[in-house]
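Just so you know, all these numbers are worked out from the coordinates, no wet-lab data involved. Worth saying up front: this structure is predicted, and the values here are computed from it rather than measured. Every residue, glycine among them, receives a Cβ derived from its backbone with ideal geometry; neighbour counts consider all protein chains shown.
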């Protein structure tokens, strides 16, 4: 479901940057063994990331490079437009400095991924313009800038506290930049930002002070308190600006339009089908899945309506206090099944850690996987985040939220996020020796892989047979319906005039979601137009599996296919296909 990430979704400022990497760099081959074209490509890529990290220190921190931990930049309109100009220069220089025809297949793939990524970032900055349209951009940057310094123990706590204090000195400028830059956002986005502000406030009033409490340096603690007061004052000023100034004039349209949408899919996912073709498949797959959902529900209890059967399963959930330990307890059994059935190689014995989603990310995320950046050498733990209910919710809202984590659904979600989903994918990417394929990835491959594994595991026999298996299947289908609804809603909101309220109803009626969860999904769709990548990626991976069966014949095994698919990092699926089958 991340990333932020997992799509995650929330650090809107970073859409202008390449996708977060999911591994540590492995040593590259010695330069003398490389051809001149390969050396040129590596020099070009190295220079790009050096410049990116210099201009955007938070991007460096998130990737595990801690040279710039005490710096914060890249949040003004001028800085972002200057970055766009630099990317344009790189696009023009790339074919002049690197002869693609002289590159071997893996390097040709890197060249193409890199070039498309530059185009995607330019599109985001120059035409999508979230930095100018989305008020949450600046809240997300403020939160991420300091949270990235406390969520991993990559350095002594006092050192990380000093870096946090240094970054906090810049945060009033971040909020000032937001006030100066934002123009006519959609009203819904301003409302979302006002909701998110509570999580940002909590981070600075509670989470950071608790994290840094063990630091004994009295002068540093005093400096922190001084900057904390300034940040909170600037935050309150920003919230007041959102509520009293920006909200009344928030009349913008969230839709990015068909032209931008198609280019995003082409640059980010290698998908060039037209919107009508994509929608036609989505409608047919939605109906097929709904029919299967009804059939499985009938097997469980033919005397009840299918949705009543499903809702009954939703009542079998842990309490909010039990959510993390219950989730942790499911992982080992799932992992052992993978090993016993030889479905995929698990490259490490190190387990993912289960934890609550950070408070400032909870408005848009149920569950996600957070993995260390590619340069991280010390704090290499990975976190599987699950989101507890808001303490301010009433009993009905809490029950609706926790129904998502019923014990059958929780197994499916854990398959997606951990085994053999995103965490195993991360472990494989850890072995990739290409900086491009570690640092630049495809949402359709990453999220499509997670969604694909949900179905694949049940096909392989996970959950056994009988009613227990049907309960898992019903939840797998329900979660797939939600991703298919994202697919249809993302396309429709941004290219076919669907309204927010229509999107909420679509999730309720077509994906059988509760109102609370349907609203969360619809809100996300307005600012995450390509969250169709879950279903789109699964579709492409299933097609790739059928092609592998046809090509490999008796030599096809699930393990061979899965190991091959995840061995290249997480590039667009069409790139995976051409590398697997030796085609260009």
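Laid out as a table, the results:
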{"read-out": "Extension gain, residue 505 back to residue 321 (0.36 nm per residue minus Cα-Cα distance, nm)", "value": "63.1 nm"}
{"read-out": "Cα convex hull volume per residue for segment 307-377 (Å³)", "value": "174 Å³"}
{"read-out": "Space enclosed by the convex hull of the alpha-carbon atoms of segment 35-128, per residue, Å³", "value": "100 Å³"}
{"read-out": "Global form of segment 199-248, assessed from the alpha-carbon gyration tensor, a/c cut-off 1.5", "value": "oblate"}
{"read-out": "Exposure proxy ranking, count of Cβ atoms within 10 Å, fewest first, for 437, 351", "value": "351, 437"}
{"read-out": "Mean separation of Cα contacts under 8 Å, 6 or more apart, over the residue count of the chain: relative contact order %", "value": "21 percent"}
{"read-out": "Three-way shape call for segment 216-365 based on the alpha-carbon gyration tensor, with the a/c threshold at 1.5", "value": "oblate"}
{"read-out": "D_trans [Stokes-Einstein, Kirkwood Rh over alpha-carbon pairs] for segment 77-171, 4 °C, 1.567 mPa s, µm² s⁻¹", "value": "79 µm²/s"}
{"read-out": "The chain shape via C-alpha gyration tensor axes, a/c threshold 1.5", "value": "rounded"}
{"read-out": "Modelled FRET efficiency - R0 41 Å, residue 222 with residue 46, Cβ distances, 0.05 increments", "value": "0.50"}
{"read-out": "Computed over segment 274-425: relative contact order in percent, which uses C-alpha pairs under 8 Å that are six or more apart", "value": "27 percent"}
{"read-out": "Exposure proxy order (Cβ contacts within 10 Å, fewest to most) of 580, 161", "value": "580, 161"}
{"read-out": "Neighbour-count order for 504, 350, fewest beta carbons within 10 angstrom listed first", "value": "350, 504"}
{"read-out": "Whole-number D in µm²/s for segment 456-584 (Stokes-Einstein; Kirkwood sum over Cα pairs; 25 °C, 0.890 mPa s)", "value": "147 µm²/s"}
{"read-out": "Paired Rg and Dmax values of segment 339-455, which use every Cα atom, in angstrom", "value": "15.7, 50"}
{"read-out": "Antiparallel content of DSSP bridges confined to the chain, in %, to 5", "value": "50 percent"}
{"read-out": "Reciprocal mean inverse distance between Cα atoms of segment 121-178 - Kirkwood radius, Å", "value": "12.8 Å"}
{"read-out": "Sum of -39500 (n - 2.57) over DSSP H runs of 4+, divided by residues of the chain (222 nm, nearest 500)", "value": "-19500 deg cm²/dmol"}
{"read-out": "Kirkwood hydrodynamic radius of segment 266-338, from inverse mean 1/r over distinct Cα pairs, in Å", "value": "16.3 Å"}
{"read-out": "Estimated translational D of segment 179-221 in µm²/s (Stokes, Kirkwood radius over Cα pairs; 20 °C; 1.002 mPa s)", "value": "166 µm²/s"}
